[in-house]
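Below is one structure, written out as structure tokens; comments come after it.
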């Protein structure tokens, strides 16, 4: 008899977490795969999940571990906190499993409610991958002023990529007082650094997280893995900064929103459509429609009002994801780099 899909999903997620530098999450997911309870309202709900439980579907393991981390971050269960980072991780598997099972039983309603929503992150460190892409666009167009449109923007933290500072292989860009410093491990040649300006920015998402609401800030942080404090710290800093800014993410389908954005043009300004690990979650029909909209708008682009499509997305290659750009006029597509899904490293190729 084959293994239950949920157990396979936890094993696959464990391997993914290990490859992305989270030994605690790798251990927790494997522990749940090997000791998945047969009884309990939450466990039966998960075991009988009607859809695709895998990381390639509805990511049920990350829904559950997100709920657990939310309980830790909200200090609701001291016993669970005691077995989570940054506390001593030399504790035995039995103690970790006992704390998790007790937490799920004690906070049954909270966990069930949390499971209803798909995992949603806003990986701030991906801005360190996008930034050299923006620099490349400036060099190719000879324009330093940008109008930006982010698809799948989540809470909108990466709308403010130009407000962060960057240290790329010892080359510094941005203010020493920036809310977030990005320092991805760099391999390859360095693109030229230009004094970029974002004149107007906007983003959309089907289900944006509202950074003005405490429970949605908690949800955003809960999906960051507990043994990666740098990611948590950068996200907290980006949230604090974004709360002071007037821009908020529009709740709308990407295609309808994109059509409206592409209908506007500005002279001597590059319009950049960008997204990070979001395109794969669009339906095939929306992908086709979105690309058609950009191609049609690209036909109207001029040298003094170019259009760029910048994206960090998974492809069939390894390691990591591809940072690609398409520029109009012309419509040429180029792979600029391969980079870590969480923004830890970048291999610049051009």
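Quick grid of which residues meet (1) under 22 Å from residue 198 (Cβ atoms); (2) touching a helix residue (DSSP H, G or I) at 6+ places or on another chain (Cβ under 7 Å):
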residue	(1), (2)
243	yes, no
326	yes, no
342	no, yes
347	no, no
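Report, by residue number, each residue of segment 245-264 that is surrounded by fewer than 17 Cβ atoms within 10 Å (Cβ to Cβ), part of a helix (DSSP H, G or I) and touching a helix residue (DSSP H, G or I) at 6+ places or on another chain (Cβ under 7 Å).
Scanning segment 245-264 gives a single hit, 259.
Scan segment 288-296 and give yes if some residue there is touching a strand residue (DSSP E or B) at 6+ places or on another chain (Cβ under 8 Å), in contact (Cβ under 8 Å) with a residue 60 or more places away in the chain, in the same structural domain as residue 131 (by TED's automatic domain parsing) and at negative phi, otherwise no.
Our first condition is that a residue be touching a strand residue (DSSP E or B) at 6+ places or on another chain (Cβ under 8 Å); within segment 288-296, this holds for 290, 294.
Pick out the ones that are also in contact (Cβ under 8 Å) with a residue 60 or more places away in the chain and you get 290.
Then drop every residue that is not in the same structural domain as residue 131 (by TED's automatic domain parsing), which leaves 290.
Pick out the ones that are also at negative phi and you get 290.
Looking for residues that are touching a strand residue (DSSP E or B) at 6+ places or on another chain (Cβ under 8 Å), in contact (Cβ under 8 Å) with a residue 60 or more places away in the chain, in the same structural domain as residue 131 (by TED's automatic domain parsing) and at negative phi, one finds at least one in segment 288-296, hence yes.
Counting just the residues of segment 73-102 that are more than 22 Å from residue 16 (Cα to Cα) and under 27 Å from the mean Cα position of the chain (by Cα), which one comes out surrounded by the most Cβ atoms within 10 Å (Cβ to Cβ)?
Looking at the filtered set, the residue picked out is 80.
With the structure loaded, tell me whether residue 168 is surrounded by fewer than 24 Cβ atoms within 10 Å (Cβ to Cβ) and in contact (Cβ under 8 Å) with a residue 24 or more places away in the chain or whether it fails that test. Give the derivation first.
Values: surrounded by fewer than 24 Cβ atoms within 10 Å (Cβ to Cβ): yes; in contact (Cβ under 8 Å) with a residue 24 or more places away in the chain: yes.
Spelling it out, residue 168 is indeed surrounded by fewer than 24 Cβ atoms within 10 Å (Cβ to Cβ) and in contact (Cβ under 8 Å) with a residue 24 or more places away in the chain.
Please specify each residue of segment 176-195 satisfying the condition of being surrounded by fewer than 19 Cβ atoms within 10 Å (Cβ to Cβ), touching a strand residue (DSSP E or B) at 6+ places or on another chain (Cβ under 8 Å) and either closer than 23 Å to residue 121 by Cβ or in contact (Cβ under 8 Å) with a residue 12 or more places away in the chain (or both).
Kept after step one, since they are surrounded by fewer than 19 Cβ atoms within 10 Å (Cβ to Cβ), are these residues of segment 176-195: 176-178, 181, 183, 185, 187-190, 192-195.
Filter again for touching a strand residue (DSSP E or B) at 6+ places or on another chain (Cβ under 8 Å), leaving 176, 178, 181, 183, 185, 187-190, 193.
Passing the criteria: 178, 181, 183, 185, 187, 188, 189, 190, 193.
Taking segment 72-93, which residues are under 17 Å from residue 29 (Cβ atoms) and in a helix (DSSP H, G or I)?
Of everything in segment 72-93, those that are under 17 Å from residue 29 (Cβ atoms) and in a helix (DSSP H, G or I) turn out to be 72, 80, 93.
Looking at segment 15-28, which of its residues are in a helix (DSSP H, G or I), under 20 Å from the mean Cα position of the chain (by Cα) and within 18 Å of residue 92 (Cα to Cα)? First the steps, then the outcome.
From segment 15-28, those in a helix (DSSP H, G or I) are 15-19, 23-28; that's our starting set.
Filter again for under 20 Å from the mean Cα position of the chain (by Cα), leaving 15-19, 23-26.
Within segment 15-28, 23, 24, 25, 26 meet the criteria.
Would you check if there is a residue in segment 156-164 being part of a helix (DSSP H, G or I) and in contact with a strand residue (DSSP E or B) (Cβ under 6 Å, 6 or more places away or on another chain)? It would help to see each step written out before you state the result.
In the first step, residues of segment 156-164 are kept if they are part of a helix (DSSP H, G or I); the result is 157-163.
Checking the rest, the ones that are also in contact with a strand residue (DSSP E or B) (Cβ under 6 Å, 6 or more places away or on another chain) come to 159, 162.
Checked segment 156-164: at least one residue is part of a helix (DSSP H, G or I) and in contact with a strand residue (DSSP E or B) (Cβ under 6 Å, 6 or more places away or on another chain).
The values are calculated or read from the model by the stated rules, or taken from the named source; none is laboratory data. Model, not experiment: these values are computed from the prediction. Quick reminder, even Gly has a Cβ in these numbers, built from the backbone with ideal geometry, and neighbours come from all protein chains shown.
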